[in-house]
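**Student:** Please read through the structure below; I'll follow up with questions.
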Amino acid sequence: MAVPSRVASWCAVVGALWGLVPCGARAQCLIQLHDVTTQAGIGFRHTDGGSGRRYIVESVTSGLALFDYDGDGDVDVYFLNGAPLRGTQVAAPPKNTLYRNDGAWKFTDVTDQAGVGDTGFGLGVAAADYDNDGDQDLYINNYGPNVLYRNNGDGTFTDVSRQAGVANGNEVGATTSFLDIDGDGDLDLFCANYLLFTYENHVARTSRGIPKYPGPMDHPPVPNNLFRNNGDGTFTDVSGQSGIGEHEGWGMGGVCADYDDDGDTDIFVANDVAGNFLFQNDGHGHFEEVGLTAGFAYDLHGDEHGSMGVACGDYDNDGRLDFYQTCYARELATLYRNLGGGVLEDVTLKTNAGAGTFPYVTWGPGLIDLDNDGDRDLFVACGHLQDNVELFDDTTAYLVRNVVLMNTGDGRFINVSDQCGDGLQVQLSSRGVGFDDLDDDGDLDVVILNSRREPTVLRNDSPRSNHWIQIRLRGVKSNRDGVGARVKVVAGDRTQVDEVHSGHGYQSHYGTRLHFGLGLRTRIDRIEVRWIGGGVDVVENAPVDRVITIAEGSNPASLRGSPAR
Amino acid sequence: MRKRVDRLRAGAAPVAAAPAVRATRAGRPSRRLEVAPGMRSTRLLAGAILVAGILTFVVAGWTWLGGETPQKAQRPPVAVQRGILRPMPSAGEPKLASNVPLTDPPAHPPADLPADSPVDPLEEVLVEPPTELSEALPPTLDTVPARQLAAQGLKEEVAELTTGLLEAFPNDADAWATVGKIAQGLGNSGEAMEHWQRCLQLAPNRADIYSELGMIALCKGECEKAEALWRKALEIQPTMPSLYNRLARALTGQGKPREAIAALRKDIEISPDAGESHFLLGQAYLQLEEHLSAKQAYQRAVEIDPEMTNAYYGLATVCARLGERDQSREHHAKFAELKAEDRHVLKQGKVAFDDLLALRITVAQGYTDAGRVCRRHNLLWRAEKHWKRAAELDVKNIGCRQELAALCLANRREPEALSIYEQLAQLEPNNPSHYLNAGICSARLRQDATAEKAFARSIELAPHSALAHGGLAQVYLRANRNLAEARALAQKAVELEPIAPNYMLLAQACDKTGDLRTALSAMEKAVELEPGNPHYKRIVETIRRRL
């Protein structure tokens, strides 16, 4: 294997494959993530609502959202929370919590002012401007009635779930996404559902005599839901007519992305201990489940995983979106390479993309460029769902550190978790994770929701020698946030693509503005935006190291940019 | 080596069954049965016992490696087919106890050995047998405390067992191996590794221990470490079943498909019908994008096992890469069909999974292995206690019952032995050796009708068993009935196994049917085969005088 010149410490970390690096060989790598949770002033503490009865829903909560709720240009943080389940007594009900980004790594709890402190049992969340009024709204997929918070544009929200018709009964929710299924310019809503849980159908399992959470197969599977936006603030449940509702599964994470490059948005759902779903969109909002033939349902061997989250990105810069799926312990988190023609291939072993994940339950995935070198690295949130797993299986652990795999640029990854700063020394049981530039310094920071504990906020302190660009889209004919739009960035010899997604990973939302690392390239030759509906805008000769906004239909595209702070 | 003992006489060892199948870790190997060879002469008793012991090991080893006993030759649990790094049962659930002794079991003690001393330091290990808690405690919230309590009791019991075993045999590698295995069965791999390291200090050439350590490394995702351990095991025991397969998994996990292919080729040399190794070969070629080779390997896998679900997935994938769309579709359809069946089996298994029962099975296996350690030290009384406890804990444990029955038979406790062999026949109704041994016990007890039925069933299941033919012939000859049939059976025994004792049996049958010339001829053949046997010579002389 060639030694990538840009990876100064490659020789030192190559031995870290499969966690066997000798201590003396460790060296600092180019990805540096530091734990700034305490200084950020974020006092949120997650609860799973459990009382020791071990209801399955406790084990899979929750996600988080990184989005700009107040339109001030920086990214705010919204944590979902559990709620007391039967047998749990609390003095005050836990609630979801919104932190306003005040800059300089200071965050202020504005939950009550904003009116987003839902006390339902939170699982999945997505943010997007569903009513095209210029601000981002929030949808929360709960165990119990779901909540749609309409952003009032003044820093407050209104719960419009009932009026909008998206409360969705009493399902156990999972990931949720806004997407435009039919190219009509407004955002529709996909809600994955986990399983049929009631207190009555709870199965109290033990392992070697130790109480543990039941597995998904202890509960019946359920179909997912799809709601079409009527354009008037209301939605219609089209689960049946769209084909989505024909398939029952155990939905967890997912992403809505155009995997077959045909200009419409398809839906990926990671199923827990069952074949994953890939709903292929016919462009008119009707979906066919093609997971098996597309190669996404199972891994290389034809095995289903205890799938958790799905991240999306072009890891090999071949112009096609690839997918990274996290899963249960004793399974490798799996990288699916997009071969084109609607076919994916599990390349985990070829690429080493599962390194360090095998013993752990893996949750929030990230396929993001952490060192701005122009290729996407992997971040994997880890932690077992059994809080006492060591008592009956000491080959794994409940509280573990997360994993970072650096893309070497030649189609492989190396495990640099030991070398990328104190942020990867934190040992908790992580769930949802989000990535965005919280301090507007041009690199992606990380926020992790940890089950039953405080979150972890990681500041990206990787060396700043590499350049970058962040792109915010403003839809006009298509949806305002540009959800589903494909962006191609050409800088010298490097072409990268990405897409705007609302709600992805593990039950989380992040990345409304797209981030591209550029390496040492100081000029962007071309930016091409393909909007949902087919329109294309092109920007040429764009500057680097700034956030730019591209509005739909302006030709030449309007380009407003601001350099990094 | 292939000599037999007259099992109708006192002091004989039982016969162990040896399913002559390759230990395929997954898939559904074709299976044929052979009845174990034995011996007819009491002076060859020790050898016969050794053979039985080795064959017991073979049977148990096969089970341990993920195979199934012949009567369970249906679709295996889905877990055995899992991915490259997942040869273990699905996470979170205990691995069911294996039946493998960690070494070849030593020879059973001869019948005339004295029972071991009553001053056994572990005399008080036995506890009251449990009630059928598993059935009484469904997985509901209100039964959790009772299940925890029952499990705790079992763990305390097993802790006493292991402590006592190590105190009694601190320098016995088998004892450390057994205790390590028990710890592993309880999910304490760290403890297991410590015990197994001690075992290796005492017996550095234990390939089986290196193999087990490799499995733990693999479970932790430490493929390089697993590779090193399995290579070490192969240095010690180059033809140990499954080792090359495991090595290939570790290599594939490190992204070394070329090396994995080499390992799998060796595995296939050892076991040409190892379907899963052909499947893994396909996977390795797929990694290398050598699609034609991959396709051939998958095709061979499904030839060996037409219901290997995962191989059809591989075929579908590789056909798609080769542009063979119709074939790809067909294989996908077959895969989907089999996967649905697998899911059904998996679902049933998950729903029916009884953790307490699984724990009891694990503990029972610990008692079985502990008993074997005691037997090696001639502490037969204690061994028997352990095996009885194992039998109480696990009503389906084959190994402890085989040991108990052998012990009873060796100690002339035929009624008990017969009862156990009858249990074994119920547990494994297609295993001819249980009927054969039951026949031997019955014959010794002069229960001719029972013996006749048992030998006949054994012949039905294993038509090429000389032992069963000879046994039934002897029953008829002793009862002085069905003499023509007895002669035919004896003749068949000679054909199947032309050894001196069988010629003597034929001579006896011929004598009873009045054919002294053929009897003489048969005895002369016996003398020719065993010229040093004075008994045979005397019989020859007697027949000549009568002629």
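The values are calculated or read from the model by the stated rules, or taken from the named source; none is laboratory data. The model shown is predicted, which means the values in this text are computed figures rather than measured ones. Every residue, glycine as well, gets a Cβ built from its backbone with ideal geometry; the counts of neighbours run over all protein chains shown.
**Student:** With respect to A:ASP377, is the statement that it is crowded, with 24+ Cβ neighbours inside 10 Å, within 15 Å of A:ASP445 (Cα to Cα) and out of contact with any Phe, Trp or Tyr (no Cβ under 9 Å at 6 or more places or on another chain) true?
**Tutor:** Judged against the criteria, A:ASP377 is not a match.
**Student:** In segment B:229-274, what residues are within 18 Å of A:ALA355 (Cβ to Cβ) and of a type in the set (A, V, I, L, M, F, W, C)?
**Tutor:** Matches in segment B:229-274: B:ALA250, B:LEU251, B:ALA260.
**Student:** Another question, if that's okay. With respect to A:THR236, is the statement that it is surrounded by 24 or more Cβ atoms within 10 Å (Cβ to Cβ), in contact (Cβ under 8 Å) with a residue 60 or more places away in the chain and polar (S, T, N, Q) true?
**Tutor:** In short, no.
**Student:** Examine segment B:218-234 for a residue that is modelled with pLDDT of 95 or more and either within 20 Å of B:ASP369 (Cα to Cα) or of a type in the set (S, T, N, Q) (or both), and state whether such a residue exists.
**Tutor:** Looking for residues that are modelled with pLDDT of 95 or more and either within 20 Å of B:ASP369 (Cα to Cα) or of a type in the set (S, T, N, Q) (or both), one finds none in segment B:218-234, hence no.
**Student:** Further, regarding this structure: What are the residues in segment B:282-312 that are free of Cβ contacts under 8 Å to residues at least 24 places away in the same chain, under 23 Å from A:TYR336 (Cα atoms) and surrounded by 19 or more Cβ atoms within 10 Å (Cβ to Cβ), if any?
**Tutor:** If the condition is that a residue be free of Cβ contacts under 8 Å to residues at least 24 places away in the same chain, under 23 Å from A:TYR336 (Cα atoms) and surrounded by 19 or more Cβ atoms within 10 Å (Cβ to Cβ), then B:TYR298 is the only one that fits.
**Student:** Here is a follow-up. Restricting attention to segment B:448-473, which residues are closer than 20 Å to B:GLU414 by Cβ and of a type in the set (D, E, K, R)?
**Tutor:** The answer is B:ASP448, B:GLU452, B:LYS453, B:ARG457.
**Student:** Okay, next question. Within the bounds of segment A:221-243, is there any residue that is at pLDDT below 95 and under 30 Å from B:LEU359 (Cβ atoms)?
**Tutor:** No.
**Student:** Continuing with the same structure: Identify, please: which residue in segment B:468-497 is within 32 Å of the chain's Cα centre (by Cα) and polar (S, T, N, Q) and is, among those, nearest to B:ALA456 (Cα to Cα)?
**Tutor:** Taking the candidates together, the pick is B:GLN474.
**Student:** A further question follows. Considering only segment A:332-358, state which residues are out of contact with any Phe, Trp or Tyr (no Cβ under 9 Å at 6 or more places or on another chain), within 8 Å of chain B (Cβ to nearest Cβ) and of a type outside the set (Val, Ile, Thr).
**Tutor:** A:LEU349, A:LYS350
**Student:** Among the residues of segment A:26-45, write down those that are in a loop (DSSP other than H, G, I, E, B), closer than 26 Å to A:ASN407 by Cα and at pLDDT 95 or above.
**Tutor:** The answer is A:ILE31, A:GLN32, A:VAL36.
**Student:** Can you pull out every residue in segment A:290-321 that is within 10 Å of another protein chain (Cβ to nearest Cβ), part of a loop (DSSP other than H, G, I, E, B) and not charged (D, E, K, R)?
**Tutor:** Correct list: A:GLY295, A:ALA297, A:TYR298, A:LEU300, A:HIS301, A:GLY302, A:HIS305.
**Student:** If I go through segment A:323-368 residue by residue, how many of them are among the hydroxyl-bearing types (Ser, Thr, Tyr), touching a His at 6+ places or on another chain (Cβ under 9 Å) and assigned to a strand (DSSP E or B)?
**Tutor:** 1
**Student:** Name the single residue, out of those in segment B:313-350 being in contact (Cβ under 8 Å) with a residue 60 or more places away in the chain and of a type in the set (A, V, I, L, M, F, W, C), that is surrounded by the most Cβ atoms within 10 Å (Cβ to Cβ).
**Tutor:** Once the filter is applied, the top-ranked residue is B:LEU346.
**Student:** What residue, among those in segment A:377-403 that are part of a loop (DSSP other than H, G, I, E, B), aliphatic (A, V, I, L, M) and within 14 Å of another protein chain (Cβ to nearest Cβ), is farthest from A:HIS504 (Cα to Cα)?
**Tutor:** Filtering segment A:377-403 for residues that are part of a loop (DSSP other than H, G, I, E, B), aliphatic (A, V, I, L, M) and within 14 Å of another protein chain (Cβ to nearest Cβ), the one farthest from A:HIS504 (Cα to Cα) comes out as A:ALA397.
**Student:** Next up: What tally of residues in segment A:84-101 results from selecting those that are crowded, with 24+ Cβ neighbours inside 10 Å and assigned to a loop (DSSP other than H, G, I, E, B)?
**Tutor:** 1
**Student:** What number of residues within segment B:234-279 satisfy the criterion of being part of a helix (DSSP H, G or I), away from chain A (no Cβ under 14 Å) and surrounded by fewer than 24 Cβ atoms within 10 Å (Cβ to Cβ)?
**Tutor:** Residues meeting the conditions: 9.
**Student:** Let me ask you something else. Given the criterion of a type in the set (Gly, Ala, Ser), more than 9 Å from chain B (Cβ to nearest Cβ), over 11 Å from A:VAL403 (Cβ atoms) and in contact with a strand residue (DSSP E or B) (Cβ under 9 Å, 6 or more places away or on another chain), identify the matching residue among A:GLY366, A:GLY374. It would help to see each step written out before you state the result.
**Tutor:** Working: A:GLY366 fails: over 11 Å from A:VAL403 (Cβ atoms).
Just a single option satisfies the conditions, and that option is A:GLY374.
**Student:** If you take the residues in segment B:372-403 that are of a type in the set (D, E, K, R) and under 22 Å from B:SER433 (Cβ atoms), which one is surrounded by the most Cβ atoms within 10 Å (Cβ to Cβ)?
**Tutor:** So the residue we want is B:GLU403.
**Student:** In addition: Tell me whether segment A:281-289 contains one or more residues that are more than 11 Å from every other protein chain (Cβ to nearest Cβ) and either hydroxyl-bearing (Ser, Thr, Tyr) or under 20 Å from the mean Cα position of the chain (by Cα) (or both).
**Tutor:** Initially, segment A:281-289 is screened for residues more than 11 Å from every other protein chain (Cβ to nearest Cβ), giving A:281-289.
In the following step, the residues that additionally are either hydroxyl-bearing (Ser, Thr, Tyr) or under 20 Å from the mean Cα position of the chain (by Cα) (or both) were identified as none.
No, the conditions are met nowhere in segment A:281-289.
**Student:** Mind checking whether some residue in segment A:217-238 is within 12 Å of another protein chain (Cβ to nearest Cβ) and of a type in the set (Lys, Arg)?
**Tutor:** Here is the first cut: in segment A:217-238, the residues within 12 Å of another protein chain (Cβ to nearest Cβ) are A:217-221.
Next cut, of a type in the set (Lys, Arg) only: none.
So far as segment A:217-238 goes, no, none of its residues is within 12 Å of another protein chain (Cβ to nearest Cβ) and of a type in the set (Lys, Arg).
A quick yes/no check of all residues on (1) surrounded by 13 or more Cβ atoms within 10 Å (Cβ to Cβ); (2) modelled with pLDDT of 95 or more; (3) away from every other protein chain (no Cβ under 11 Å):
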| site | (1), (2), (3) |
| --- | --- |
| B:ASP142 | no, no, no |
| B:ARG147 | yes, no, no |
| B:GLU157 | yes, yes, yes |
| B:GLU160 | yes, yes, yes |
| B:GLY164 | yes, yes, yes |
| B:PHE169 | yes, yes, yes |
| B:ALA173 | yes, yes, yes |
| B:THR178 | yes, yes, yes |
